[in-house]
Amino acid sequence: MDTFTLNYGHSTFACRLPGARLLTAAVPPAPAPPAALVRQALEQPIGSPRLEEIVRAGEKVVIVTSDITRYTGSEHYLPIVVERLNALGVPDADLEILIALGIHRPQTEAEHRKIVGPLFGRIRVTDHDCDNPAELVTLGITAGGVPVTVNRRVAEADRVIVTGTVGFHYFAGFGGGRKGLVPGVASRATCMATHFSVLNPPEVGGKHPQATTAVLEGNPVHAAVLEAARMIAPDFLLNTVLAPDKEVLAVFTGDLEAAHLAGCEMVRRLYAVALEAPADLAVVSCGGAPKDINFIQAHKALDYGVGALRDGGTIILLAACPDGFGNKTFFSWFRHRELAEFETALRDHYEINGQTAYSTRLKADRYRIILISDFGQEETRGMGMEKAADLDEALRLAFEKLPPDPRIVVIPDGGTVLPIVGRTKSDRSV
């Protein structure tokens with residue numbers, strides 16, 4: 001196949017690259033419609049009783065779900081969960097949907113409508129605010145010394161149901177599960193403290209080697225987040241696994257850890273794609289909206305995509321980023337030009353956005369990155385990248401410095417697919 005269609009925001013680019021290898025996941029069709037998958041999963045929870053054995057009439061229930069930057073299929077599963085709770089004697093007035101913003105911006109009314117679907121206007125929907133002390137309560141301190149401060153609604157609810165989707169995460173191993181709670185409904189300080197373990201001790205320096213994509217065992221960020229999330233003690237988890245086109249492939253319910261691990265195993269099996277040898281050039285689309293809604297989200301595709309490259313290789317990243325960087329402090333971190341200076345600043349005043357910026361700088365120093373986005377020249381260069389107006393210009397720039405007969409891969413769903421060079425999928429530990 002020589003011609004490819006790559007999503008960019010809500011539009012597409014056509015790409016013709018003779019001899020390029022298309023790197024995609026072999027994803028089977030969904031075995032049933034989303035509603036059927038949700039209902040089946042609710043009947044077969046993993047490591048947990050069914051909701052009918054957990055929730056009682058008269059209890060106050062908070063359902064936690066992801067914000068607009070992470071499509072989860074929530075418009076399919078939330079109505080069914082609410083229907084189930086209503087049947088158990090929990091009226092709409094005793095239900096609340098809490099949007100797990102973490103440190104993200106508040107949602108618009110239109111975004112709330114997309115997230116909750118037919119429940120909009122019927123069930124109370126609230127955005128988490130990580131910086132409002134009146135809305136937060138401290139549960140205690142983890143064995144690792146992290147103070148766990150979370151949304152008061154979650155802490156005071158009789159029952160907490162956390163929902164979301166499972167996918168790769170570039171330093172927590174996988175998203176979903178415990179991350180719906182921490183950082184989802186945690187204070188800014190708790191978010192920072194749990195994520196700070198991405199760095200090695202100062203005497204070692206650099207990023208912890210196990211704090212990486214598709215790894216949970218020995219991952220200090222996963223361990224810190226899971227320990228904090230357990231202190232919230234959610235009663236039930238529902239996580240989806242999605243196809244690249246956002247179709248719901250599977251639903252996992254039950255225990256916070258056990259059900260999440262089952263979802264992680266499916267994601268690893270489907271989306272970790274073996275590559276025999278590293279490429280000289282990777283042309284990567286995040287997968288279109290909302291995966292390239294801002295750079296912080298688009299960074300996932302950059303992080304996974306460079307895994308297909310040799311040292312010094314080139315990546316062309318298609319990331320529209322209509323919402324800009326995704327956080328007002330993100331770009332300011334690039335004032336630190338040297339990695340040593342960058343790391344020192346990050347240790348002195350850790351921010352998750354600073355960690356993403358640091359990870360971006362690490363890649364910009366190791367690979368050539370050509371970015372197609374809404375950013376201008378100054379912003380693009382500030383991140384250590386080259387700007388291209390469109391795919392044709394990006395390819396022209398890339399080929400100016402590529403070796404003869406370059407090895408090329410095209411990754412249309414870069415926010416989902418994880419290239420693994422010279423290893424089998426089983427070499428990465430869940």
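Cβ-Cβ distance of Thr126 and Arg347, R₀ of 35 Å, FRET efficiency by 1/(1 + (r/R0)^6): the value works out to about 0.55. Taking a straight Cα-Cα cut-off under 22 Å and skipping sequence neighbours fewer than 8 places away in the same chain, the lysines within cross-link reach of Lys387 are Lys291, Lys300, Lys328, Lys363, Lys401.
Here the Kirkwood formula, the inverse mean of 1/r across different C-alpha pairs, assigns segment 1-110 a hydrodynamic radius of 17.8 Å.
Across segment 203-218, coupling constants 3J(HN,Hα) worked out from phi with the 6.51/-1.76/1.60 Karplus curve, θ = phi - 60°, read 5, 9, x, x, 8, 4, x, 8, 7, 8, 5, 6, 10, 10, 5, x Hz, and Gly and Pro carry x.
The aspartates and glutamates whose alpha-carbon is closer than 13 Å to the alpha-carbon of Lys207, local same-chain residues fewer than 8 away aside, are Glu343.
Could you pull out the trypsin sites (Lys or Arg not before Pro) across segment 26-58 that fall in loop regions by DSSP (anything but H, G, I, E, B) with no more than 14 other Cβ atoms inside 10 Å? In loop regions of segment 26-58 (DSSP not H, G, I, E or B), the sparsely surrounded trypsin sites (Lys or Arg not before Pro) are Arg56.
Of all DSSP beta bridges confined to segment 34-268, the antiparallel ones make up roughly 45%. Here the Karplus relation 6.51 cos²θ - 1.76 cosθ + 1.60, evaluated at θ = phi - 60°, turns the backbone of segment 137-146 into coupling constants of 9, 8, 8, x, 10, 6, 4, x, x, 8 Hz, with x for every Gly and Pro. Considering only Pro202, Pro234, Pro404, the mean-square fluctuation computed in a Gaussian network model of the chain, springs between alpha carbons under 10 angstrom, is largest for Pro404.
Note on Lys60 and Ala134: their simple-model spin labels are 1.6 nm apart, each label 7 Å out from Cα toward Cβ. The eigenvalues of the Cα gyration tensor, multiplied by 5 and square-rooted, give segment 34-268 an equivalent ellipsoid with semi-axes of 27, 20, 16 Å from largest to smallest. Within the chain, antiparallel bridges make up roughly 35 percent of the DSSP beta bridges whose residues both belong there. Projecting the Cα atoms of Pro49, Ala110, Ala93 onto the charge dipole of segment 34-268, computed from C-beta unit charges around the Cα centre, puts Ala110 farthest toward the positive end. Segment 230-297 and segment 16-49 have Cα centres spaced 10 Å apart. Comparing mean-square fluctuations of Pro244, Pro33, Pro18 from a GNM of the chain with C-alpha springs under 10 Å, the top value falls on Pro18. Highest GNM mean-square fluctuation among Ala186, Ala224, Ala32, for the chain modelled with Cα contacts below 10 Å: Ala32.
Restricting the GluC sites (Glu not before Pro) of segment 164-257 to loop positions (DSSP other than H, G, I, E, B) with no more than 10 neighbouring Cβ atoms within 10 Å leaves Glu203. Amide H contacts of Leu249: Val241, Leu242, Ala243, each under 5 Å away and 5 or more positions distant or on a separate chain (H built 1.01 Å from N in the peptide plane; Pro and chain starts excluded). The share of alpha-carbon pairs in segment 159-264 lying farther apart than 24 Å comes to 22%.
In summary, the aspartates and glutamates within cross-link reach of Lys114, defined as a Cα separation below 12 angstrom excluding same-chain residues under 8 places away, comprise Asp67, Glu75. Would you indicate which of [x] 19.8; [y] 23.3; [z] 34.6 is the value of mean projected area of the Cα convex hull in nm² derived from the coordinates of this structure? Read-out from the structure maps to [x]. About its Cα centre, the dipole of the chain is roughly 420 debye, where the only charges are +1 on Lys and Arg Cβ and -1 on Asp and Glu Cβ.
Computed from the coordinates by the stated procedures, all read-outs in this text should not be read as laboratory data. Given the structure is predicted, the values throughout are model-derived calculations rather than measurements. Quick reminder, even Gly has a Cβ in these numbers, built from the backbone with ideal geometry, and neighbours come from all protein chains shown.
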